[in-house]
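Working notes, beginning with the structure itself.
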Amino acid sequence: MNATLEVRVWRGAAEGRFEAYQVPRHESQTVLDVVTHIQRAIDPTLAYRFACRVGMCGSCAMTVNGAARWTCRTHVDKVAEGGELEIAPLRNLPVVRDLVTDMREFFDKWARAQGRFRGRATRKDPFAQVSPQSEARQLANAGIECIGCGVCYASCDVVAANPDYLGPAALNRAWTLAQDERDAAGIERLRAVAGEAGCHACHTHLSCTERCPKRISPTAGIAGLKRAVAKAALQGRL
Amino acid sequence: MSFRSETLLWVAQRASAAVLGVCVAVHLATMIYAVRGGLSAAEILSRTQGSVAWLSFYTVFVLAVVVHAPIGLRALLGEWLGWRGRSRDLALLAFAALLAWAGMRAVFGVFL
Amino acid sequence: MGWHARGVRGISLSAARNLHLGKLAALVHRVSGLALALFLPLHFWALGHALQGTASLEALLAWTAHPLVKFAEWGLVLLLAAHLAGGLRIMALEFLPWRDWHKSLAAVAAGASLAAGLAFALAL
């Protein structure tokens with residue numbers, strides 16, 4: 001193993017260039033370690049995001065050698081091709097500076113997809129009794145571990161081609177809520193996720209499913225939404 | 001386009017796809033049979049003309065294509081050319097009309 | 001120029017590095033669909049010639065015996081089979097419960113297309 005990594009990092013915003021750095025290579029090293037080293041020991045002007053460093057928050061997501069990943073959970077050994085690394089910000093999002101992207105549009109779409117829980121009970125009502133074995137609950141559970149890291153959104157070709165497309169994360173969340181029997185949004189949410197900006201724009205590339213670090217399959221959730229929306233339309237409820 | 005019409009387009013695409021799956025399989029099998037048999041024009045037309053069964057089958061085939069092809073092109077035009085809105089839908093309706101006219105002309109020619 | 005170097009609208013050049021099975025299957029499906037949509041009007045027009053009866057159809061059939069035409073026909077059958085197989089993959093992903101075997105779908109689709117293409121090639 002070479003003692004040094006050749007690392008190219010995007011510097012700038014929408015306009016910019018890749019700059020090369022030499023970073024000492026270690027036995028057990030993550031890509032986040034590499035970026036941190038550059039900022040602390042070589043160039044303090046490098047901007048990047050991180051928080052927990054242990055794969056729980058999703059803040060450190062970046063494009064590493066072309067693929068969106070959590071840099072804190074990506075070992076250099078796994079991705080360094082011939083001792084080289086290329087690190088860039090997440091795709092499909094405006095770049096604030098260097099490796100930092102503007103996540104507002106990602107979360108705005110989450111809201112547009114009715115990605116928030118709407119209960120119908122009050123604190124005076126008894127707890128909802130939801131069977132963990134019910135089909136709806138199991139379908140919801142398959143998608144609820146999402147931490148909003150943006151990796152799926154950055155990996156989606158339809159998001160790249162269609163600026164209005166709500167994206168896999170927002171739609172996946174809408175699906176989990178649609179399967180939540182306590183939720184009252186119902187038909188309103190189905191209307192929000194249907195259409196060319198919604199679930200119908202998904203062409204099952206499965207890039208989101210490939211890349212999701214939580215191993216969620218937004219494609220499956222989106223397929224579920226397609227079926228639910230179609231059923232509602234054919235029944236005249238939409 | 002409204003969410004309702006988008007949803008119905010999605011349903012129509014899958015429904016026509018299912019119909020086409022059957023039609024294409026039958027069509028391919030028939031073509032392979034005809035080509036293998038080295039059938040001449042006279043032989044082909046003698047079997048097809050006046051056949052209500054074949055006429056019906058190919059009419060259904062053409063109609064399924066008229067639904068399926070334009071809807072398929074719609075997504076492609078939207079994503080690869082950024083073409084959306086009313087003009088796209090009108091253009092696709094025109095294409096559908098062209099396919100229907102040419103298709104039924106061919107069907108009548110071979111089966112009537 | 002932005003780091004991901006957008007070429008044709010919506011298609012990122014560096015995305016080519018990430019060409020995985022699902023993307024490839026979707027691309028084949030779309031391109032074959034486009035090719036078929038462009039071919040169909042021609043196909044219908046050629047058949048419409050049969051309106052003029054046996055002689056016209058005979059002349060058309062004679063033309064189709066030309067090796068280039070045969071090759072084009074074979075290509076079209078392959079496109080048709082590929083599009084059909086890709087469509088079945090999409091319908092399976094949209095309507096059936098799947099998880100681990102979704103990648104096999106693309107492989108099955110490819111295999112089925114090839115089989116159909118070969119069958120037609122043998123018949124030519």
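The values are calculated or read from the model by the stated rules, or taken from the named source; none is laboratory data. Every value quoted in this text rests on a predicted model; they were computed, and no experiment measured them. Here the Cβ is made from the backbone with ideal geometry for all residues, glycine too, and neighbour counts use every protein chain on show.
Odds and ends about this structure:
- Boolean, A:ALA185 is out of contact with any Leu (no Cβ under 9 Å at 6 or more places or on another chain) and either at positive phi or outside the structural domain of A:VAL9 (by TED's automatic domain parsing) (or both): no
- A:GLY58 falls short on exactly one of the conditions (1) without any contact (Cβ under 8 Å) to a residue 40 or more places away in the chain; (2) within 30 Å of A:GLU196 (Cβ to Cβ); (3) not assigned by TED's automatic domain parsing to the domain that holds A:ARG211, and that condition is (1).
- The residues of region A:184-199 that are over 15 Å from A:ALA111 (Cβ atoms) and surrounded by fewer than 24 Cβ atoms within 10 Å (Cβ to Cβ), listed by number, are A:ALA184, A:GLY186, A:ILE187, A:GLY195, A:GLU196.
- Subset of region B:29-50 [surrounded by fewer than 16 Cβ atoms within 10 Å (Cβ to Cβ) and under 20 Å from the mean Cα position of the chain (by Cα)]: B:ALA29, B:THR30, B:MET31
- Test: B:VAL26 is modelled with pLDDT of 80 or more and either under 14 Å from the mean Cα position of the chain (by Cα) or among the aliphatic types (A, V, I, L, M) (or both): yes
- Within the set B:VAL66, B:VAL62, the sole residue that is over 19 Å from A:GLU196 (Cβ atoms), within 9 Å of chain C (Cβ to nearest Cβ) and surrounded by 15 or more Cβ atoms within 10 Å (Cβ to Cβ) turns out to be B:VAL62.
- Filter result for B:LEU93 (out of contact with any strand residue (DSSP E or B) (no Cβ under 7 Å at 6 or more places or on another chain), outside any helix (DSSP H, G or I) and either surrounded by 14 or more Cβ atoms within 10 Å (Cβ to Cβ) or not β-branched (Val, Ile, Thr) (or both)): no
- Scanning region A:210-220 for residues that are in contact (Cβ under 8 Å) with a residue 24 or more places away in the chain and under 14 Å from the mean Cα position of the chain (by Cα) returns A:GLU210, A:ARG211, A:CYS212, A:PRO213, A:LYS214, A:ILE216, A:SER217, A:PRO218, A:THR219.
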